[in-house]
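The values are calculated or read from the model by the stated rules, or taken from the named source; none is laboratory data. All figures in this text were calculated on a predicted structure; none of them were measured in a lab. Positions of Cβ are backbone-derived with ideal geometry, glycine not excepted, and every protein chain shown enters the neighbour counts.
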Ligand SMILES: O=C(O)CCC(=O)C(=O)O
Ligand SMILES: [Fe+2]
């Protein structure tokens, strides 16, 4: 039974090490170690819990209930009341009693000895409930039970209407909008609900505490107070309604509440908080009931005298600690510097949303300092600040693991499915892209050491070696492969503007051939598939190492970038199913991406993704008084393809900026926001790498503009480029994701053309600008 297994893994949570990205640590970087110790539990598992099993119940309740009644004296007839009965079957704790199922000894042939009253507020579910019980003597009532004092829909009044002298008393139900199915049914045998009926089950997701309180409760609540309705000529009456004393009670509590919390939700029908287990235990004890077991959501109580006589041996310790363990709890703790940390269940149980630590902070990253630290803390106080900022940036990045990793350890308490995690991921990603046009992503499954090596290799090639090394692999075709020297490209043209050439050196690699054998060889000559141009080993002795590092980074990042693209796509489709046709080209290109996340060779073989290494250094635009002072190093532009996934180092001479104004493209007063990544130190510390992701023109067009391709640029930073800053030059690695060149794009405007044609048209427009 999968439910029992599910139940077992909640009650016996595996010793989860929370594989947070912060886990890998070295002595270089002050990263915390965060793991989960399996605490010593006082929870007793030898009692009724041994009998937990589910036929229709959610977490083993069926078996526990059966065991309790096995221990109590045998009776030929038993009665139960189920408040919040739903359709009578789904997650029901009374179905197995009433229909005699799940009873191994019973072979299903014998009739159940149980009769019941089933109450359900939802009219549609009630219909199903009624149909289920049509040929039984069970009584179904459609009513939203109320905890308002004097309400005609109080549980006590509803139950008192069952089996009055003339069967169900229609009179007692007057003035309330509810229906009892047995009223006019001649086929049903009328029966009376005794005060000490056998089993009460309450599950109404809110006022459960008050329903129990009022049913067992003080006499006052039993006084019938009909409103004095003059038009009806009805006199207020004082009729004492009996209180009830069921032998056994099963009632739902809020499983996120700590064991030492007594939380009683307000006495109000429309409020849905739930109450804590401790509150229910206090209430039950006050009416001489004893807690005998709990499951994830439900508590079981038995009359004290029955407990003493029949259950004490099986359940010797009735303390909450012995009978419960909070498995859905969420805790906060504080670090000395004022960081608020989250622990335990990191998801909103009833909304399915992740709990976001970054939204729970009281202090900004800069404000987080220990207030009592000695003034001279041994030097550079800014080091701490920087790393705090790095963590802040990293934590704001969207965790792509549901798309990029295959492991299951991030399934919090195993309640969340992979699909739910993916949904959380794409929702957050697309929200961020909507808001900022850019997003930071982590959890890509790419190691920090690969990122480091790739950045270092790129920096060496673009900045340290002699220009002759770079020139030996000069690009031959429109800057698609190999080296493209400084001031040879013009990104302003990409948005149809005339401007000076960009001051950046580039080196590009991409896919070399199309999958599919010899007949496709022709295609290899297309602009998107051609041989890469690597520096000659005779010219540069580190050439082979450079090549293997960059190739490895390319292979792994291309797959990760496909995962990001897939997530964006899933997010768009979740909201706009009608874009499925337009986005088919992307879903097909990224198909299998999560199944084979680490298999670089095995999917998307016909992709056209290009990796560009970019090198920036101080030059004329950094010099005050020079003509081009403060002109962008890369002019404002939008990226052309599907998406871009970018990584860059600490180099201080240049800064990436995204357009941050909501004003339409082309308007004069554009405001710019810096796009920041955690520092290189953070990456060198072995932490999970963070990348920048943004949407390109083609993807934007395919989504009918749902996601925009945001304007961005790289500007010079003159002040940071002077003095003895050791990291002045800046290196970045841009992965420009493209799909199969032959893939047919079905644009939302109805036009159909291949990806290659689309690109050619896009670039031709830009070239026109340059020619003019
Ligand atoms: O180097 C960077 O940070 C961004 C470069 C860029 O936007 C591009 O090459 O498209
Ligand atoms: Fe760009």
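Data table
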quantity: Residue in the range 607-619 that is within 30 Å of the chain's Cα centre (by Cα) and either surrounded by fewer than 18 Cβ atoms within 10 Å (Cβ to Cβ) or more than 12 Å from ligand 2 (Cβ to nearest atom) (or both) present; calculated: yes
quantity: From 734, 704, residue being touching a residue at least 60 places away in the same chain (Cβ under 8 Å), assigned to a loop (DSSP other than H, G, I, E, B) and under 30 Å from the mean Cα position of the chain (by Cα); calculated: 704
quantity: Any hit, the range 184-191, residues being assigned to a loop (DSSP other than H, G, I, E, B) and either at pLDDT 90 or above or closer than 17 Å to residue 83 by Cβ (or both); calculated: no
quantity: Among (1) closer than 30 Å to residue 474 by Cβ; (2) modelled with pLDDT of 90 or more - the single one residue 531 does not satisfy; calculated: (2)
quantity: Unique match (being within 21 Å of residue 639 (Cβ to Cβ), part of a helix (DSSP H, G or I) and at pLDDT 90 or above) among 427, 432; calculated: 432
quantity: Considering residues of the range 479-501 that are in contact with a strand residue (DSSP E or B) (Cβ under 6 Å, 6 or more places away or on another chain) and part of a helix (DSSP H, G or I) only, the residue nearest to ligand 1 (Cβ to nearest atom); calculated: 491
quantity: Some residue of the range 84-95 being surrounded by fewer than 19 Cβ atoms within 10 Å (Cβ to Cβ), within 18 Å of residue 132 (Cβ to Cβ) and touching a helix residue (DSSP H, G or I) at 6+ places or on another chain (Cβ under 8 Å); calculated: yes
quantity: Residue that is farthest from ligand 1 (Cβ to nearest atom), among those in the range 462-478 that are surrounded by 14 or more Cβ atoms within 10 Å (Cβ to Cβ) and either at pLDDT 90 or above or within 42 Å of the chain's Cα centre (by Cα) (or both); calculated: 472
quantity: Where a residue in the range 626-639 is at negative phi and its partner, wherever it lies, is within 11 Å of ligand 2 (Cβ to nearest atom) and part of a loop (DSSP other than H, G, I, E, B), with Cβ under 6 Å and at least six apart; calculated: 633/504; 634/502; 634/504; 636/711; 638/709; 638/711; 639/696
quantity: Number of positions in the range 624-645 that are more than 30 Å from residue 747 (Cα to Cα) and within 16 Å of ligand 1 (Cβ to nearest atom); calculated: 3
quantity: Evaluation of residue 665 against (1) away from ligand 1 (no atom under 13 Å from the Cβ); (2) surrounded by fewer than 20 Cβ atoms within 10 Å (Cβ to Cβ); (3) at pLDDT 90 or above (one fails), failing number; calculated: (3)
quantity: Breaking point among (1) surrounded by 21 or more Cβ atoms within 10 Å (Cβ to Cβ); (2) under 30 Å from residue 386 (Cβ atoms); (3) within 11 Å of ligand 2 (Cβ to nearest atom), for residue 710; calculated: (1)
quantity: Residues of the range 680-697 that turn out to be touching a helix residue (DSSP H, G or I) at 6+ places or on another chain (Cβ under 7 Å) and either within 16 Å of ligand 1 (Cβ to nearest atom) or closer than 17 Å to residue 571 by Cβ (or both), as a count; calculated: 6
quantity: Per-region count, the range 737-751, residues touching a helix residue (DSSP H, G or I) at 6+ places or on another chain (Cβ under 6 Å) and outside any loop (DSSP other than H, G, I, E, B); calculated: 3
quantity: Only listed residue being outside any loop (DSSP other than H, G, I, E, B), more than 19 Å from residue 403 (Cβ to Cβ) and modelled with pLDDT of 90 or more, chosen from 573, 614, 583; calculated: 614
quantity: The listed residue being more than 28 Å from residue 570 (Cβ to Cβ) and either within 16 Å of ligand 2 (Cβ to nearest atom) or out of contact with any strand residue (DSSP E or B) (no Cβ under 9 Å at 6 or more places or on another chain) (or both), out of 700, 661, 719, 732; calculated: 719
